[in-house]
Every structure is written in C-alpha cells, then in structure tokens.
Amino acid sequence: MKLTIIGAGNVGATTAHLAALQGVAREIVLLDIVEGIPQGKALDIYESLPIVGRDCRVIGTNSYQDTANSDIVVITAGVPRKPGMSRDDLLTTNAGIVKSCAEQAIAYSPHAFYIVVSNPLDVMTYLTLKITGLPRTRVVGMAGVLDTARFRTFIAMELGVSVSDISAMVLGGHGDSMVPLVRYTTVAGVPLAELLPPERIAALVQRTRDGGAEIVAYLKTGSAYYAPAAAVVQMIAAVADDRKQILPCAVFLEGEYGLSDVVCGVPVKLGRSGVEEIFQLELTEAEQEALHRSAADVRRTIARMEELLQQAAS
Ligand code: APR
C-alpha cells in the first residue's frame, strides 16, 4: 500500500505519523509546496519507527513524481481557519490550491482512492471529483468521522462513560448545518433520548456543530488536527484492509436521500474498492429537511466556487 499525503502541515504530518504508527501503509509520501518541510517531517517520522517497532518507508518531497502509483492520496493542502472565520471563508484560497494538487496527483496516480480534508470540505471534495474525473466511488471527503467522534466525545464527557460505548451518526455538510442524528445515537445500545433530557441533547448537538470553531478559538493560529488526522487514518485503514467499515463520509450523491449533483455526508461502506455502498437511513421529515438544508448550503458554495474558478480562468 502506497499512501501519499499532500500538504505537510498540521493535519498532513499528523496523518502521516499516525498512519506510520498504525502500519497501514508500506510507503508514505508526504508532499508540500514548501521546500524542506515535508523532507524534515518525513525523516523525523521515519526515525520514530525503529523505536515503536514499525516498518514503513516515509519520504518527504516537493515533486509529484515521487507520488506515482499511489493506492491512496489524501489532500490536506490549503489554509486552515483563524478565529472568526467560517470554513467557507477559505473558499477562494483553497479552491486554487486543491485544484492544482488534484490535477498533479491524478496525472501520477490515476487509479488511487482520494480522501479530501481541505475546507470547505464538501466543496473541495466536489472539486477533486470533477478535476480527477474519477468515479464517485474513488473520491470522498473526511468530515463525518470527525463530527461523529466529536459528538461521541461530548456524550461520553456528559455521561461519564467510555467513548467506545457510544455509537453515533452525523450526516450532512461539514458546516454549521451538519445533522447529528440523535435517533441513531446509542450508549451501549440504549437510545440517547432515554438517558438525557432534550435540552442537554440539544446542547451537545450544538457543541458538535461548533466543534471545529471551539478548537480554533483556543488555538487562534490554526484549526484542529489530532482528531481530523485520526479520522483520516480510520478511513485509510478501512480501504487498505478491505474492512467494509460503515463510516459517514462526504460523497457525491446521485438521487440518494432525494439529493443529486452535490457532495454531502452520508453513511457509506468503505473497502478495497473504495465506496462500496451508500446506505440510506430511514429519516423523519424533520431530519430529511435538515439534511436538505445542509446540502443546499453546500450547493450554494459550489456555485460560488465555480464562479470564482471561471473568473480566475478568464
Ligand atoms: N501544494 C502542496 N501543499 C500546499 C499547497 C500546494 N499548492 N499550498 C499550501 N500547501 C501546504 C502548506 O505549505 C502547509 O504545509 O498545506 C499545508 C497546510 O498546513 P497547515 O497550514 O498546518 O493547515 P492544516 O491545519 O494542516 O489544515 C489543512 O485541512 O482541516 C483542513 O481547514 C483545514 O483546509 C485546511 C486543511
């Protein structure tokens, strides 16, 4: 398994480190536009492996030639949020960066599975799908695993139980309108609604929606990366090990949930062939409406991005 990570910043380097520690790849290529950074970080990660007893080649580079024939490509290049910024505020800068990364990566790895992390996530995933021309089974965005992990953490903190006892599902776009599905959230199999009053659940849902901003407000100079990287590595492992794991991922929809021509977070089965199935949960009218509102936000941002890219090209 050859893994390429584009962008050797906080998310990219942490993903490379975790992927190496977990032994999900034989070779990891860390690529960045800045000279020295990917080389230094990759060497540092490589040097940690004798200590932990893992074996994997970790290479840092500025050249896409070194990424040739990757099985999985993760795109984390771009700028992160600062306090007061929404993910959509990153649109102009990150659309140009992700477009150029996707164009160069696909030239060398035409058969890879692509995982997009750069924000605004759903829109950057749509862009990568269009630029690479790959089928929708080969391009996904990482958001749902992270949003779900945040929701699970807040529930565990509230109830004083293990995070691993909690199952949850967060659908929709990776923004303020994401849709944590309370009805599908359980603690050791017990529905959350039987354990907490509605106002506490509403507060945890809101904290999940604001989860990224909460970290940005603390860090001030950037956004979250430990949990995002862990989420990416879970998705990489699901594909690399053909786990057939059901995870919420941002995918291009073609009629599922009544939505088309938009990227949105829904539960999918990840295995060696990429997205092997898209699951359609039974939703109440209110949940369906919330999902459609979230998809409408993504659609508006896609339209804005297409305008911006056209202006840049003319
Ligand atoms: N090609 C390759 N790398 C690039 C390019 C490019 N064209 N443009 C920028 N980069 C690199 C930067 O040099 C930097 O090393 O992307 C890296 C981004 O790293 P950070 O600034 O640390 O940002 P990070 O926290 O990793 O977030 C990256 O993921 O979660 C999202 O919103 C976040 O969009 C942001 C992205």
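The values are calculated or read from the model by the stated rules, or taken from the named source; none is laboratory data. Remember, predicted model here, so these are calculated numbers, not experimental data. Cβ placement follows ideal geometry from the backbone for every residue including glycine, while neighbour counts extend to all protein chains displayed. Keep in mind that these areas ignore ligands, DNA and RNA; they rest on the heavy atoms of the full protein, side chains included. Shrake-Rupley method; radii C 1.70, N 1.55, O 1.52, S 1.80 Å.
Some notes on this structure:
- Given a 1.4 Å probe and the protein chains as shown, THR92 ends up with an accessible area of around 90 Å².
- Lys pairs under 21 Å by Cα in the chain, provided they are eight or more residues apart or on distinct chains: 5
- Estimated inter-spin distance, MET157 and LEU49, nm [label 7 Å along Cα→Cβ]: 3.6 nm
- Stokes-Einstein D for the stretch 182-270, Kirkwood Rh over Cα pairs, 10 °C, 1.306 mPa s (µm²/s): 100 µm²/s
- As a ratio to 2.2 N^0.38 Å, the alpha-carbon radius of gyration computed for the stretch 1-83 takes the value 1.01.
- Simple spin-label estimate for ASP242 and GLU103 gives 3.7 nm between the two label positions (7 Å along the Cα-to-Cβ direction from each Cα).
- Cα gyration tensor shape for the stretch 226-314, rounded if a/c is under 1.5, else prolate or oblate: oblate
- Compactness of the stretch 144-304, expressed as Rg and Dmax over alpha-carbon positions, Å: 15.6, 44
- Accessible area per residue in Å² at 1.4 Å probe, computed on the stretch 90-203: 37 Å²
- Placing a label point 7 Å from the Cα of ARG304 along the Cα-to-Cβ direction, no residue of the stretch 236-259 has its backbone N under 13 Å from that point.
- Among the DSSP helices (H) of the chain, those spanning at least 15 angstrom by Cα along their long axis with an average Kyte-Doolittle hydropathy of -0.5 or more are 10-22, 37-52, 91-108, 121-132, 144-159, 226-240; this is a geometric and hydropathy rule only.
- For the chain: Kirkwood Rh in Å [reciprocal of mean 1/r, alpha carbons]: 19.6 Å
- Size of the stretch 150-227 as Cα extents on the principal axes (Å, biggest first): 39, 24, 19
- Heavy-atom accessible surface of the chain: percent carbon and sulfur, 1.4 Å: 52 percent
- Extents of the stretch 2-141, largest first, come to 41, 36, 25 Å (Cα atoms, principal axes, whole angstrom).
- Between the stretch 113-143 and the stretch 229-259, the Cα center-to-center distance that results, in Å: 11 Å
- Rounded to the nearest 500, the helix-only mean residue ellipticity at 222 nm of the chain stands at -14500 deg cm²/dmol, with each DSSP H run of n ≥ 4 adding -39,500 (n - 2.57).
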